[in-house]
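Chemist: Pasting a structure here, questions to come.
The values are calculated or read from the model by the stated rules, or taken from the named source; none is laboratory data. Since we're looking at a predicted model, the values are computed, not measured. A quick note on method: Cβ atoms are made from the backbone with ideal geometry, for glycine too, and the neighbour counts reach across all protein chains shown.
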Amino acid sequence: MLKKTSQYFLYFIMYSVIGWLYEVFLEVVVYRWGFSNRGVLFGPYCVIYGVGALLLIFSLQKLQKKKIYLGKLCITPILVFLGIVIITTVVELIGSYIMEMITGSWLWDYNRFAFNFEGRIALNPSIRFGIGGMIFLYVLQPMFEKIVKKLSNKSLFITTIILAVIIVIDSIYTFFIKG
């Protein structure tokens with residue numbers, strides 16, 4: 001049980017960092033707004049991506065492995081895509097309310113997109129998250145599972161403890177010291 005928890009914690013961290021890199025890439029390269037820390041915490045991670053990734057793993061991996069057909073057409077990837085869009089959109093909506101409650105605002109504004117709700121969620125980003133989620137579930141997660149399974153128990157636990165301490169210190173700094 002401890003080993004599984006450690007593995008999922010590492011996935012959480014990996015996807016939180018990847019999410020931060022994605023957000024910074026969009027901000028600097030695509031939108032050319034310049035750099036800003038895109039996470040709530042000080043470090044280079046967006047925990048909402050880590051949370052979303054774990055929710056996708058726990059809720060869609062079994063569906064992903066099934067072969068569901070409509071006639072001769074396998075529709076499993078379509079169902080997985082729709083599941084990703086729904087889950088990530090709900091996570092983003094809830095995340096915006098939690099951030100607003102804690103910090104007074106949230107880090108994105110989708111008012112410029114058509115089909116948005118209060119600037120918190122919108123169709124365009126939801127579809128992008130669907131595409132990213134497909135890459136995550138079908139490419140990155142299998143690769144990360146292989147990498148993490150190669151770690152010895154000792155390496156896994158030491159890495160987990162170090163990263164957990166960093167996240168706790170960052171959270172204390174962000175919410176209580178920097179506040």
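Chemist: Hey, does the stretch 77-88 have a residue that's polar (S, T, N, Q), without any contact (Cβ under 8 Å) to a residue 60 or more places away in the chain and in contact with a Phe, Trp or Tyr (Cβ under 8 Å, 6 or more places away or on another chain)?
Modeler: Looking only at the stretch 77-88, we keep the residues that are polar (S, T, N, Q), and these are 88.
Keeping just the survivors that are without any contact (Cβ under 8 Å) to a residue 60 or more places away in the chain gives 88.
With the extra rule that they be in contact with a Phe, Trp or Tyr (Cβ under 8 Å, 6 or more places away or on another chain), the set shrinks to 88.
Scanning the stretch 77-88 turns up at least one residue that is polar (S, T, N, Q), without any contact (Cβ under 8 Å) to a residue 60 or more places away in the chain and in contact with a Phe, Trp or Tyr (Cβ under 8 Å, 6 or more places away or on another chain).
Chemist: Please go through the stretch 69-94 and give me each residue that is touching a strand residue (DSSP E or B) at 6+ places or on another chain (Cβ under 8 Å) and modelled with pLDDT under 95, ordered by number. Outline the logic, then answer.
Modeler: Step one: filter the stretch 69-94 for residues touching a strand residue (DSSP E or B) at 6+ places or on another chain (Cβ under 8 Å), giving 75, 89, 92-93.
Correct list: Glu92 only.
Chemist: Out of curiosity, is Phe25 exposed (fewer than 13 other Cβ atoms within 10 Å of the Cβ) and under 14 Å from the mean Cα position of the chain (by Cα)?
Modeler: In short, no.
Chemist: If I filter the stretch 132-179 down to residues being under 29 Å from Phe113 (Cβ atoms) and free of Cβ contacts under 8 Å to residues at least 12 places away in the same chain, which single residue comes out as nearest to the chain's Cα centre (by Cα)?
Modeler: Filtering first and then ranking leaves Ile135.
Chemist: Gln61 - would you say it is crowded, with 16+ Cβ neighbours inside 10 Å, over 11 Å from the mean Cα position of the chain (by Cα) and modelled with pLDDT of 90 or more?
Modeler: Considered against the rule, which asks whether it is crowded, with 16+ Cβ neighbours inside 10 Å, over 11 Å from the mean Cα position of the chain (by Cα) and modelled with pLDDT of 90 or more, Gln61 comes out as no.
Chemist: Turning to a different aspect of this structure: Please go through the stretch 112-126 and give me each residue that is outside any strand (DSSP E or B) and under 19 Å from Ser59 (Cβ atoms), ordered by number.
Modeler: Correct list: Ser126 only.
Chemist: Here is a further query. Residues that are within 15 Å of Gly130 (Cβ to Cβ) and touching a helix residue (DSSP H, G or I) at 6+ places or on another chain (Cβ under 8 Å): list the helices (runs of 4 or more DSSP H) wholly contained in the stretch 1-111 that include at least 3 such residues.
Modeler: 47-65, 76-103
Chemist: Additional query: Kindly evaluate Gly95 against the criterion of being touching a residue at least 12 places away in the same chain (Cβ under 8 Å), closer than 24 Å to Phe144 by Cα and out of contact with any His (no Cβ under 9 Å at 6 or more places or on another chain).
Modeler: no
Chemist: Quick one: count up the residues across the stretch 64-108 that are surrounded by 14 or more Cβ atoms within 10 Å (Cβ to Cβ) and among the charged types (D, E, K, R).
Modeler: Number satisfying all stated conditions: 1.
Chemist: Now for a separate question. Within the bounds of the stretch 110-124, is there any residue that is surrounded by fewer than 17 Cβ atoms within 10 Å (Cβ to Cβ), within 19 Å of Tyr49 (Cβ to Cβ) and of a type outside the set (S, T, N, Q)?
Modeler: no
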